[in-house]
1. What residue among A:151, A:205, A:1 has its Cα farthest toward the positive end of the dipole of chain A, where the charges are +1 on Lys, Arg and -1 on Asp, Glu, each on the Cβ?
2. Taking a label point 7 Å from Cα toward Cβ, how far is residue B:193 from its twins in the other copies, in nm, shortest first?
3. List the residues of segment A:272-305 that lose 40 Å² or more of accessible area once all protein chains are present, compared with their chain alone (1.4 Å probe, heavy atoms only, no ligands or nucleic acids).
4. Roll a 1.4 Å probe over the protein heavy atoms and report the accessible area of residue B:140 in Å², nearest 10.
5. Explain nothing, just the number: relative contact order of chain A, from Cα pairs under 8 Å at least 6 residues apart, as a whole percent.
6. Give me the percent of DSSP beta bridges within the protein assembly as shown that run antiparallel, rounded to the nearest 5.
7. Taking residue B:123 in one copy and the same position in all the others, each labelled 7 Å out along Cα→Cβ, what are the pairwise distances from the first, in nm, shortest first?
8. Percent of accessible area on segment B:167-355 owned by carbon and sulfur, 1.4 Å probe?
2 protein chains.
Amino acid sequence: MIGAGQLARMSVAPAAALGVNLLLLANNAQESGAQITNHVVGDYKDLETVRAFSRKCDVITFEHELIPLSIVKALEADGVVVRPSSASFIFSQDKAAMRERLSNFPSPKNAVVTKAEEVREFPVIAKAISGGYDGRGVWKINSQTELAAVLKEVGKVLIEELIDFDYEIAVMVARSPHGQATTWAPTQTIQRDGICVMTITPAPQLSNDLSEKAQRLALDIANEIGVIGVMAVEIFVKGQELFINELAMRPHNSGHWTIEGSLTSQFEQHLRAVLDLPLGNPQMTAPIAVMGNILGGDKEDMYRPYLHLMARTPELKFHHYKKEVRPGRKIGHVNLLGDNLLELTQEVQHALDYMSGEIDE
Amino acid sequence: MIGAGQLARMSVAPAAALGVNLLLLANNAQESGAQITNHVVGDYKDLETVRAFSRKCDVITFEHELIPLSIVKALEADGVVVRPSSASFIFSQDKAAMRERLSNFPSPKNAVVTKAEEVREFPVIAKAISGGYDGRGVWKINSQTELAAVLKEVGKVLIEELIDFDYEIAVMVARSPHGQATTWAPTQTIQRDGICVMTITPAPQLSNDLSEKAQRLALDIANEIGVIGVMAVEIFVKGQELFINELAMRPHNSGHWTIEGSLTSQFEQHLRAVLDLPLGNPQMTAPIAVMGNILGGDKEDMYRPYLHLMARTPELKFHHYKKEVRPGRKIGHVNLLGDNLLELTQEVQHALDYMSGEIDE
């Protein structure tokens, strides 16, 4: 696995259970995943480093989109099995290519723009073609002046129609080389300042019809671009309409609830898919699963709030990434399962406020 | 953690989630747990080795009972926090001491014997005072001649009344330094040739009254001997009577179903307990959990049956230990959750037969 962050860390448990020898390519030994399992330290932007790493592996996969596509292609030319392949992976790296490829799927109107004059109606959304995440590389643009300022910085942007959506969902989908594919129940993602803070599964406001339509859409996209492994399809919901927002071809924050909330977690399913093993059953283990992202606050030491929450809510499942605490940084998440939506969201919100220091001890 | 077998391997997932830095003392780097996580290679029978290891740790715990008690005591004298402590741990190492200490709890009649003439009524059970497991170190004895032969080999045995039990159960219990304690639903353990092949939770023939009585018994024993961590209490059930069979002070095969079958697995609870964190909720995640031990068969390569089973039963959860395959050796287990006892046991039995090669492909 190229990358050794928290997604790699959370892949260790299913790899151990499935009997898969997981090896990470880490930037350094202190990374979240590298702290706990076998890894090689090296630069994923260096072809010879990645080549040497790939010689130790039967299959190469990713936990982030940052590896240059040229390296993925070079590995493929060497005969290395890379999943997802460069032919799919490009659509999670290049937002313009994704929009073009999925032009027959429901999408916001969009165009690639290099000059501010090309856009006449505002507001619009401008996105960096590649590299953005957690609200970075995405701007709401109200005028040609604002657009010109962004273009001066990044040269070229993807301009998208601003969808006045009711809410956002994500559908996690997994697809194997055989074309076997599964989806999990659609997840509502709740953002604050462009960062996902909570997810609720199944998305509570989504009708059964729209839920099926969203899952069908994710399966169709997976098939269309031939992705192998797990993919997140982020979708805006407006009335009865769905609009594709983003794709991520790896386990994704929107699927963290699956660790306890599904018979097969996204991390297990990703390993099954990229290793061409039959996929597991993605059925939920409880009626509702609520996930909350723990964001770093001002305090480095979270031991006391941690003890408090463990004692208060013995069914709360913690997932610590052991990353250095920085304000606003995702340093862990909690999952809670049950059948009472209000209670679950309140309890998770309490945990998040407590961990980030917004409730005084 | 002293030891790096499959119990250590299965502790990696909850350690990662809880943010606990788990370090193993392994016999060699090929051991099940050492394959996948941080470890030191060294001999747990050598005091200086264990001392050096303990200087890297805040708390020492065990995944087996083989470490000499003198070493545990020496660590304690050094001021190392060892959980469970030597004062408890002795009762999982020394069966005679356990019987004596628990003489006020329901037990088979028993006596320590060095001469065959001391026993007049047969059949009886003879047990090695320490070191036995999976049927090793336990003999059914029909005559003084047979007993004499065993005594010639081992010098001293614990003789126990042969209980003509209806079935066997195990109650897993966890206890923290604060004295907080939890039990899981009692598990029926099904043995073949002295080796556990399947467990069913909750024990299907156990009445609610007896289930409560068995859990109460486990809590009382945990309190009596002051155990810290997870303990298995193996119990014979005969009519409305319970008889303590064995204790194990660590995560145990009888608790493997908890990985998916409980909100808090025995591995997570053990870590919480020995680190003095509040205990998790041990509630079941489904009405019934069936666990089957995969025993090594004649074939080394289990890849094809593995693929078949994954495809046949997408909800079957595999736990591979990555140990060398030897006939009769526990090399993994499967868990299956649901509400239909017959279907679950049949499906698990099919999986076991298939993996051990008893069903031809």
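1. A:1
2. Label-point distances to the other copies, shortest first: 6.3 nm.
3. SASA drop of 40 Å² or more in segment A:272-305: A:272, A:277, A:278, A:281.
4. The value for residue B:140 is about 120 Å².
5. It rounds to 13 percent for chain A.
6. 90 percent
7. 8.1
8. After summing per-atom areas, the C and S share lands at 47 percent.
The values are calculated or read from the model by the stated rules, or taken from the named source; none is laboratory data. Predicted model only: the values in this text are computed from it and were never measured. Every residue, glycine among them, receives a Cβ derived from its backbone with ideal geometry; neighbour counts consider all protein chains shown. Surface areas here come from the heavy atoms of the whole protein model, side chains and all, with no ligands, DNA or RNA. Shrake-Rupley method; radii C 1.70, N 1.55, O 1.52, S 1.80 Å.
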